[in-house]
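Scroll down for the structure; my scribbles are underneath it.
The values are calculated or read from the model by the stated rules, or taken from the named source; none is laboratory data. Keep in mind it's a predicted model, so treat the numbers as computed, not measured. Because the Cβ atoms are built from the backbone with ideal geometry, glycine has one as well, and the counts that use them run over all protein chains shown.
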Amino acid sequence: MPANRKPKLAVWKFASCDGCQLSILDCEDELLALTDVIEIANFAEATRRVEKGPYELSLVEGSITTAHDLERITKIRRQSKVLVTIGACATSGGIQALRNFADVKEFTSVVYARPEYISALSHSTPIADHVVVDFELRGCPVNKHQLIEVISAFLAGRKPNTPPHSVCIECKRRGQVCVMVAHGTTCIGPVTHEGCGALCPAYNRGCYGCFGPKETPNTGSLASWMEHRLKVNQPDLLRAFRNFNAASEPFRKESEAHEEK
């Protein structure tokens, strides 16, 4: 790359709600500062202007849900020196991965007047199931400060420094009383990545797992505690782990453990 040329950034969308792309735009002042050192070459959410690749950094939102998606992500990978997936859809299949536990044909027959026009894969899968991913940034949506850290790390040629600990640490930092201990509320914060600022517990709600499973989560121990101490029944335990990151392996296996036999 010529010394006087800024590295090119591309932002791509697959099956998703656009929330993680909006988190990029929500960076506002930080994003303006980044444009001094990086060129936003392809970002349909922000501008119709498109610069051709290759791209030094690609941020990918959304999951793979169609055969066309498979072809497109392969082409994007070839154009990208570094590829980072952002958000629950791109890193674990997203809320649409609930289809993985059911019959897609049955869904389309109920929802669409002409289901024969719908072409979709039976499963919603993360980007890493199909191409090499250099870094995964979790969240639904992603934390904008963590997003800036990832882009800054790329510019500096280092590994991003994103916290590996659970939402429980965030609760302690903000002085939040544990909703499970104090109120008997179902909460999967102990096995969920931090990043939201313990938003739901701050309003006396349990964590829904928006940021996906933390490193080495002991989901079985948490589920057992909720079952025996909080008296949570099997269907509710299943639903607790079958949410925004239902297809991530730890949450998927735990939810399946509570399905009716």
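Please state which one of Gly184, Gly212, Gly175 is among the small types (Gly, Ala, Ser) and surrounded by 20 or more Cβ atoms within 10 Å (Cβ to Cβ).
Just one listed residue meets the conditions, Gly212.
Considering only residues that are in a loop (DSSP other than H, G, I, E, B) and either touching a residue at least 12 places away in the same chain (Cβ under 8 Å) or among the basic types (Lys, Arg) (or both), which ones fall in the range 90-127?
Gly93, Gly94, Arg114, Ser119, Ala120, Leu121, Ser122, His123, Ser124, Pro126, listed by residue number.
Is it fair to say Ala41 is in contact (Cβ under 8 Å) with a residue 12 or more places away in the chain, in contact with a Leu (Cβ under 7 Å, 6 or more places away or on another chain) and surrounded by fewer than 15 Cβ atoms within 10 Å (Cβ to Cβ)?
no
Residues of the range 76-89 being outside any strand (DSSP E or B) and in contact (Cβ under 8 Å) with a residue 60 or more places away in the chain, which ones?
Selection gives Ile76, Gln79, Gly87, Ala88, Cys89.
Is at least one residue of the range 218-230 touching a residue at least 60 places away in the same chain (Cβ under 8 Å), in a loop (DSSP other than H, G, I, E, B) and under 21 Å from the mean Cα position of the chain (by Cα)?
No; the residues of the range 218-230 include none that is touching a residue at least 60 places away in the same chain (Cβ under 8 Å), in a loop (DSSP other than H, G, I, E, B) and under 21 Å from the mean Cα position of the chain (by Cα).
Do you know which residues across the range 24-70 are charged (D, E, K, R) and either in contact with a helix residue (DSSP H, G or I) (Cβ under 6 Å, 6 or more places away or on another chain) or not in a loop (DSSP other than H, G, I, E, B) (or both)?
Those that are charged (D, E, K, R) and either in contact with a helix residue (DSSP H, G or I) (Cβ under 6 Å, 6 or more places away or on another chain) or not in a loop (DSSP other than H, G, I, E, B) (or both): Asp26, Asp29, Glu30, Glu39, Glu45, Glu56, Glu61, Asp69.
Being touching a Leu at 6+ places or on another chain (Cβ under 8 Å), free of Cβ contacts under 8 Å to residues at least 60 places away in the same chain and in the same structural domain as Val60 (by TED's automatic domain parsing): is that true of Val150 here?
No; evaluated as a whole, the condition is false for this residue.
Do we find that Arg174 is at pLDDT below 95 and outside the structural domain of Leu34 (by TED's automatic domain parsing) in this structure?
yes
Looking at Gly197, Gly175, which is the one that is part of a loop (DSSP other than H, G, I, E, B), within 17 Å of the chain's Cα centre (by Cα) and over 20 Å from Pro250 (Cα atoms)?
Answer to the selection: Gly197.
Gly53: closer than 23 Å to Pro141 by Cα, touching a strand residue (DSSP E or B) at 6+ places or on another chain (Cβ under 9 Å) and not hydroxyl-bearing (Ser, Thr, Tyr), yes or no?
It is false that Gly53 is closer than 23 Å to Pro141 by Cα, touching a strand residue (DSSP E or B) at 6+ places or on another chain (Cβ under 9 Å) and not hydroxyl-bearing (Ser, Thr, Tyr).
Taking the range 128-153, which residues are of a type in the set (D, E, K, R) and either assigned to a loop (DSSP other than H, G, I, E, B) or surrounded by 17 or more Cβ atoms within 10 Å (Cβ to Cβ) (or both)?
Asp134, Glu136, Arg138, Lys144
Arg205 is checked against (1) surrounded by fewer than 19 Cβ atoms within 10 Å (Cβ to Cβ); (2) among the basic types (Lys, Arg); (3) assigned to a helix (DSSP H, G or I) and fails just one. What number does that condition carry?
With (1) surrounded by fewer than 19 Cβ atoms within 10 Å (Cβ to Cβ); (2) among the basic types (Lys, Arg); (3) assigned to a helix (DSSP H, G or I) applied to Arg205, the lone miss is (3).
What is the number of the single condition among (1) more than 20 Å from Leu147 (Cα to Cα); (2) among the β-branched types (Val, Ile, Thr); (3) assigned to a strand (DSSP E or B) that Ile73 does not meet?
Failed condition: (3).
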